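Single-structure report; data block below.
Here, each number is a calculation from the coordinates, and none is a lab measurement. Small disclaimer: the values here were computed from a predicted structure and weren't measured. Quick reminder, even Gly has a Cβ in these numbers, built from the backbone with ideal geometry, and neighbours come from all protein chains shown.
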Amino acid sequence: MNYLNTERQTLNKYLPGLDEQLRKHSFDELEQRDGPAIPLFRDAGGPALLAPKEYGGLGASPVDAVQIHRAIGSRSPSLGIAATMHNFSLATLVEYGEYSSEFLKNICMGQLLVASGFAEGRTGSSILAPTMKAAKTDGGYVINGSKKPCSLSRSLHLLTASIAVPAREGEGCERAVAIIPADSAGIGNKPFWKSPVLAGAESDELTLTDVFVPDEMIFFPMVQGGLDPIETAGFLWFELLVTASYLGMASALVERAIVSKKGGAGEQTQLAMETETAMAALEGLAYGMQQGDRCERSLARALFVRFGVQTMIERAAARSSELLGGIAFINNPEVAYLLAATRALAFHPPSRISASVPLASFLTGEPFQLA
């Protein structure tokens with residue numbers, strides 16, 4: 001089978017045995033709450049994937065990461081999402097360089113999982129506005145708030161969170177990033193994710209009640225009015241990895257249609273055209289990142305690619321399930337599950353609607369400002 005062969009070879013190069021281990025478990029097992037997918041990822045060395053080799057990591061490139069996430073998403077959609085949240089959080093820490101070197105070494109040595117506590121899109125609020133607030137105290141800050149949904153909410157070892165802290169100069173608040181050990185006093189977990197789709201990603205509510213974080217575990221962006229270069233790189237990583245993971249889910253449906261030989265050569269080729277064109281766009285974006293293309297213009301381009309690929313995913317998933325037929329939909333829950341899972345890409349921030357105005361302004365020559 002040549003379809004998805006390159007992606008699965010890259011996965012096996014960096015995380016030997018993971019694809020085989022995922023195939024040993026049923027799809028239902030991998031997708032259920034507290035399933036084996038996340039432990040298998042950790043056992044295979046997945047937490048160190050994007051860390052540089054000098055910190056004990058595997059040093060995977062953005063192009064490698066896109067291929068790996070497509071492969072993982074095709075086997076276990078829930079793991080694709082959980083791994084996305086860890087990997088983009090880790091990649092953002094890498095961007096902080098020497099400031100985060102000890103964290104990176106510890107993550108790689110202990111194969112620790114990092115959850116993302118950055119703000120989700122909320123109606124009437126900027127995507128950059130933190131949901132957690134911090135008060136200054138001796139030697140650090142005390143944080144209160146919650147993140148919902150928070151993938152890896154039951155398996156995390158560290159939380160990276162966007163927080164609002166009192167301004168160091170003047171009145172009001174400013175944005176900061178905190179790194180918080182999961183065993184800190186005051187961290188709790190509440191049920192939140194009610195859908196059976198993507199339940200294996202552990203996307204419940206993580207609560208923080210008077211959680212103390214020392215000063216050395218707080219980072220301040222260089223820019224407060226918008227994204228600084230590190231945050232921009234973090235958003236680029238997120239859009240790249242989350243889109244690749246959902247493309248993997250759609251590719252799983254395409255693969256099933258190809259294996260079933262439904263629809264003939266023309267239909268199968270059309271499905272491959274959709275998904276391979278989408279993959280080429282993501283790899284092109286990833287290659288640009290490897291060459292240092294990580295500015296706000298790059299983020300605008302990444303969102304154009306993400307929304308374009310999102311449309312291709314919708315078409316490929318719908319057409320694949322149609323080719324597989326009604327009996328497959330009725331008798332094989334995986335078909336309905338994958339069809340539903342691929343739609344969830346539209347729910348990740350920023351939404352296509354909220355991004356349309358800044359993207360349209362960017363096209364006419366304005367600087368790109370993420371709303």
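Given charges of +1 on the Cβ of Lys and Arg and -1 on the Cβ of Asp and Glu, with all other atoms neutral, how large is the dipole of the range 116-219 about its Cα centre, in debye to the nearest 20? Mind dumping the intermediate values first?
Working: 10 positive and 12 negative charges, 86 e Å.
Taking the Cα centre of the range 116-219 as origin, the dipole is about 420 debye.
Which helices, counted as full DSSP H runs in the chain, have an axial Cα extent of no less than 24 Å and a Kyte-Doolittle average of 0.0 or above?
Working: long enough: 77-95 (27 Å, 0.79); 229-260 (47 Å, 1.05); 264-290 (39 Å, -0.06); 296-324 (41 Å, 0.16).
Flagged H segments are 77-95, 229-260, 296-324.
Counting every Cα pair in the range 5-112, what percent are over 21 Å apart? Walk me through the intermediate numbers first.
Values: 1761 of 5778 pairs.
In whole percent, the share of Cα-Cα pairs in the range 5-112 beyond 21 Å is 30.
Can you check what the net charge comes to around T137, using other residues whose Cβ is under 15 Å from the Cβ of T137 (Lys, Arg +1; Asp, Glu -1)?
Numbers: positive: K133, K136, R168; negative: D138, D210, D215, E216.
After counting each charged neighbour, the total is -1.
How long is the range 116-219 along each principal axis, judged by its Cα atoms, biggest number first, in Å?
47, 33, 18 Å, listed from the longest principal axis down.
What residues qualify as long-range amide H neighbours of G140, i.e. H under 5 Å apart, gap of 5 or more or another chain, H built at 1.01 Å from N?
Placed amide hydrogens put D215 under 5 Å from G140.
Going by Cα centres, the range 322-345 and the range 161-190 are how many Å apart?
What the calculation gives is 41 Å, centre to centre.
Amide H neighbours of C173 under 5 Å, counting only residues 5+ apart in sequence or on other chains, H built in-plane at 1.01 Å?
A167
Of the lysine pairs in the chain, how many meet both conditions: Cα atoms under 13 Å apart, and a spacing of 8 or more in sequence or different chains?
For the chain, the number of qualifying lysine pairs is 5.
Taking the alpha-carbon centroid of each part, what is the distance from the range 199-254 to the range 1-75 in angstrom?
First find each Cα centre; the distance between them is then 19 Å.
Net charge within 11 Å of P333 by Cβ-Cβ distance, Lys/Arg positive one each and Asp/Glu negative one each, not counting P333 itself? If you can, show how the numbers build up before the last one.
On the way: positive: none; negative: D28, E31, E334.
Taking every Cβ under 11 Å from that of P333, the sum is -3.
Give the label of the value calculated from the structure for percent of Cα pairs over 31 Å apart, choosing from (1) 55; (2) 41; (3) 33.
(3)
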